[in-house]
Every structure is written in structure tokens, then in C-alpha cells.
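The values are calculated or read from the model by the stated rules, or taken from the named source; none is laboratory data. Remember, it's a predicted structure, so these values are computed and weren't measured experimentally. Glycine gets a Cβ as well: all are built from the backbone with ideal geometry, and neighbour counts include every protein chain shown.
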């Protein structure tokens, strides 16, 4: 299918967890999970997740036929929690991280939402959590950790002509 479908599938899976991400009720229209929109940090909500595209690679070893190619797409996931104090904020981030990663990992084929061949790889952290300050150095206001979510997929190529 495409990276876009994979990112949408990850968002849908996260939104299944209505304990972590309550369903939107009018007049509230701001989701805690977005695709590339960090403006949600102004929403006053926590935790927050922002999904966006990372790199991709082709993998010739996965090709089954001449009209196929295999791709590993990488989705990036920023998990963001409001900062209260060092201990409580880090504990909250760790707890939310565990729940969110379990939510994703329980669907190794992305619940069939992306394509019939999409399969999760090994989810990794891009490093330690980092505090987020405002442009004047005030804060920290949030603590954020970034994760890489690789998803492999075999795609068919339509012949030209």
C-alpha cells in the first residue's frame, strides 16, 4: 500500500485505547494523537503522540516475484507528557510508553488496516527522553521520547504498457 496507510493504521490502533486517549466528545475536537501536528502541545492534554515519516529502505531478500518489491517504512512516534517534576514526569512517561508500545505490538500485522503484507519490525527508542523548553528557555513544559516503528511490506509493481 503506502507509508500513508501504515501511519493511519498506527494512529487508529492507538485510538482503540480509550483509557489513554479518550474518544472525542463535542465540542472537543482535538485528538491526543496526530499525524505531524505538534500544535496539539497547546491543547493542555497529556499524553500526546505525534506520528510522522522516517526513512525507508528496499529489501531485495523479501521479493517473491519479478513484479514485487519489499520496502521497510519507518514511522516516527513522539510520545509527549506534561512536565510536573523530575520523578513524577519520568514515571508517567515510562507508564504511558509501556501502554502505547503494547497497544501497537499486539497488532504485528497492524490489524490488517494498512495492507495484507504490512508487518511490524522491532520498535526502538531513538534515545533518552528529552525535556522541551519554550523559545526563551522557560520550562521544561514537556518531556518527550521518540520511537522508530519499522513496518515491512511487499508491494506489487504494475507492468508498464
When residue 84 is evaluated against the numbered criteria (1) farther than 30 Å from residue 158 by Cα; (2) in contact with a strand residue (DSSP E or B) (Cβ under 9 Å, 6 or more places away or on another chain), which criterion, by number, is the only one it fails?
-> (2)
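Go through the range 13-47 and give me each residue that's closer than 16 Å to residue 75 by Cβ and either more than 17 Å from the chain's Cα centre (by Cα) or part of a strand (DSSP E or B) (or both).
Matches in the range 13-47: 33, 34, 35.
I'd like to check something: does the range 150-158 contain any residue that is closer than 22 Å to residue 21 by Cβ and exposed (fewer than 15 other Cβ atoms within 10 Å of the Cβ)?
no
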Given 140, 131, which one is assigned to a strand (DSSP E or B), over 15 Å from residue 50 (Cα atoms) and touching a strand residue (DSSP E or B) at 6+ places or on another chain (Cβ under 6 Å)?
-> 131
The condition from (1) modelled with pLDDT of 90 or more; (2) out of contact with any helix residue (DSSP H, G or I) (no Cβ under 9 Å at 6 or more places or on another chain); (3) exposed (fewer than 15 other Cβ atoms within 10 Å of the Cβ); (4) more than 20 Å from residue 88 (Cα to Cα) that residue 130 misses is numbered (4)
Criterion violated by residue 141 - all others in (1) at pLDDT below 95; (2) surrounded by 13 or more Cβ atoms within 10 Å (Cβ to Cβ); (3) over 29 Å from residue 71 (Cβ atoms) satisfied = (1)
Give the range 113-127 a look and list any residue that's surrounded by 12 or more Cβ atoms within 10 Å (Cβ to Cβ) and in a loop (DSSP other than H, G, I, E, B), or say none.
-> 113, 114, 115, 117, 118, 121, 123, 126
Consider only pairs whose beta carbons are under 9 Å apart and that are at least six residues apart or on different chains; among these, list those whose first residue lies in the range 130-141 and is in contact (Cβ under 8 Å) with a residue 12 or more places away in the chain and at positive phi and whose second residue is in a strand (DSSP E or B) and surrounded by 10 or more Cβ atoms within 10 Å (Cβ to Cβ).
-> 139/131; 139/132
Which of the residues spanning the range 77-113 are without any contact (Cβ under 8 Å) to a residue 40 or more places away in the chain and within 13 Å of the chain's Cα centre (by Cα)?
-> 102, 105
